[in-house]
Amino acid sequence: MLTPVSQMHSLREVASRINSGVDLPGILFDLVKAACDHGGWSMGSIMSIDVGHGYAHVSVRHDPTLLRRQLEDRWELATSPALLALRTGEPVYIPDARASEEFPGYRREAFERDYRSVLVMPLTSVDAEGRPMVLSLISRDIKPLPSDDLAFMGMIAHLGAIAVEREQRLWAERRAAEEQRRALHAQGALLQEVLSGGSADALAARLDELLRCAVLVVDFAENGLVAAGSPAPVSYDEAAWRTLLATGQADPVIATVKAAVADGEAKIGSISIDAGGGKLVLPALIEPLSVDADIVGALVLFDAEPGDDLRRLMLDSAKFALSVQMMRSVIQFRPGPPRQHGLSCHVITIGTGLVCLLPAQAGEERERLDRFAQRLVETLRHGPRGEPIAVIGGVCDGLDAYSGEWERAWRMLRIARSFRRSGVLSALDFGPLPMLIGAADSAEVRAFVEGSIGRVASHDREHGTPYLETLTAYLRAGCRSQPCADAMALHVTTLRYRLARIEELFQINPDTPERRFTLELALKMHDVIEGRTAAYP
């Protein structure tokens, strides 16, 4: 006997399977089976409707009599009410298919397959090929369709649509994750190629892998072209395409590209090549490459796919890598303030960093060096590795001086990373305490600060209390209540209450010189780590 309780129980089981992410065909089969077992139907199926070709394709089928005969998995739409159900968005119910005048194909098949009633319900989803889907149910007897049963079938169809949409969404997420993984891997390999001093040909090959289209790298300074992939593979493979560019085509191509990016903006245009007595016109996206606001080259993409956020990120990474590659050997800053600084710079790559060797600057000329470093940081800031750190070293007047300056600069870089500092830095930006801390393990420093006043700082952040400020002021006043209260514009009773709460909550009482020294040191280190200047001596 069919009851609403058994029907709801079956729907709950299928809904649990949908939520658990079990395979889609299995879920759809369970839905059809639930419709038959708890809805009083003999057999059923879920079909995808190929309107363009005029066929309905069976995706899943439940038929207890399937062992007796082989059934077709494709039906002509001319004999099916599926089109009507899709067009109206409403279920199509045929009480007795053997007597149907509207669907003669069903009437003939009803005698052949021995069935009577038919129900076709549209699903609000499409399959992986974008085809609409329907639920088809068949009864061997004439089956009435009361409103409760129709509502139950509607819930079956709704769950089917949810299962299909969930699977498609998961598939899209998996595909996006895989594409992102591939892009990040290619991006890392690209930057490694640049920073390891790889050739332009090797870099262009990485771009072909990253952007999945034929590319052309144009270097205005060297007046050169580097190609990867062929934009016309039917006529020219990659080797033939490079040979074609090398036979007198470089100059006109470079002129075309240079004119396209003269204003510093990307352009969608075309590249014309003389080939075989005719013109080969190739649609292209032309992206400018710049170093310190100067256009130094261009990246040309042929037959590029439509851009999304991930592709834009990959394109920006490619442009950044090419810009770094073009400025890797020598960076020239020609005279003409304020943008140019009259400095020549030799650049050496070490790991993921750059070492810039510049002429010594004395007196007021030192300002040019500071501007140079700031401009270099601003240029590299747009790369994928985050905020850069630049340290200005001292003058090296001999080979022995280089090792000392290198060690000093490297120590400052470690300190900057430990205290999350970036930009152009010098020893004066840190003061003596961070330089002293730099000689120790930063993890141990943070552990010391956390163990001393970490709970106070956390409580202040969570509850907006001024306990850390009060403790700092109290130590600065030499642990004297009245001067501290005056400095904080508090009544001395309020100050004493706060100090009592600090002792009660955190067991902190600077009642001995050793404890006061520990707290003062922890507070100073805390301020250094947080990037603030301590207000006490």
Fill in the blank from the handout: Length gained if THR493 through THR465 is fully extended, taking 0.36 nm per residue and subtracting the Cα-Cα distance, is 8.4 nm
Practice task
Starting from the amide H of LEU425, placed 1.01 Å from N in the peptide plane, find each other amide H under 5 Å away whose residue is 5 or more places distant or on another chain.
Solution key: ALA390, VAL391, ILE392
Practice task
Along Cα→Cβ, 7 Å out, is where each label goes; now give me the distance between the ones at ILE348 and ASP251 in nm to one decimal.
Solution key: 4.0 nm
Handout entry: Length gained when the stretch ASP96-GLU76 is fully extended (0.36 nm per residue, less Cα-Cα span)
Key = 5.2 nm
Handout entry: Solvent accessible area, Å² - ARG140, 1.4 Å probe, full protein context
Key = 70 Å²
Practice task
Report the accessible area of TRP406, computed with a 1.4 Å probe over the heavy atoms of all protein chains in place, in Å² rounded to the nearest 10.
Solution key: 120 Å²
Fill in the blank from the handout: Toy charge model, Lys and Arg Cβ at +1, Asp and Glu Cβ at -1: region 470-509 dipole around Cα centroid in debye, rounded to 20, equals 60 debye
Practice task
Using packing as a proxy for protection, rank 367-378, 230-241 so that the peptide with the highest average count of other Cβ atoms within 10 Å comes first.
Solution key: 367-378, 230-241
Problem - Highest to lowest packing among 218-227, 34-43, scored as the average C-beta count within 10 Å - result: 34-43, 218-227
Completion exercise
Checking rank on 132-139, 491-498, 273-280, 408-415, with mean other Cβ inside 10 Å and highest first, the result is 132-139, 408-415, 491-498, 273-280
Exercise for the section: Return the long-range amide H neighbours of SER125 (sequence gap of 5 or more, or a different chain), with a cut-off of under 5 Å between placed amide H atoms. Expected result: MET133
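So if we plug the beta-carbon distance of ALA189 and ALA239 into 1/(1 + (r/R0)^6) with R0 = 25 Å, what FRET efficiency do we get, rounded to 0.05? Each step should come with its number before you reach the end.
Values: r = 23 Å, r/R0 = 0.92.
Rounded to the nearest 0.05, the efficiency is 0.60.
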Exercise for the section: Would you pull out the residues with amide H under 5 Å of ALA275's amide H, same chain only if 5 or more places away, H placed 1.01 Å from N? Expected result: LEU280
Problem - Residue (of VAL126, VAL164, GLY154) at the positive-pole extreme of region 118-168, dipole from beta-carbon charges - result: GLY154
Practice task
Using a Förster distance of 22 angstrom, determine the FRET efficiency expected from the C-beta separation of ALA275 and GLU222, and round it to 0.05.
Solution key: 0.35
Completion exercise
Expected vector for region 80-94, Karplus 3J(HN,Hα) from phi with 6.51, -1.76, 1.60 and θ = phi - 60°, integer Hz, x for Gly and Pro, equals 10, x, 4, 4, 5, 4, 6, 5, 8, x, 10, x, 10, 10, 10
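The values are calculated or read from the model by the stated rules, or taken from the named source; none is laboratory data. As the structure is a computational prediction, the values presented were derived from the model and not from experiment. So basically every Cβ, Gly included, is an ideal-geometry build from the backbone, and we count neighbours across all protein chains shown. Quick note on the areas: whole protein, heavy atoms, side chains included, nothing else; ligands and nucleic acids left out. Shrake-Rupley method; radii C 1.70, N 1.55, O 1.52, S 1.80 Å.
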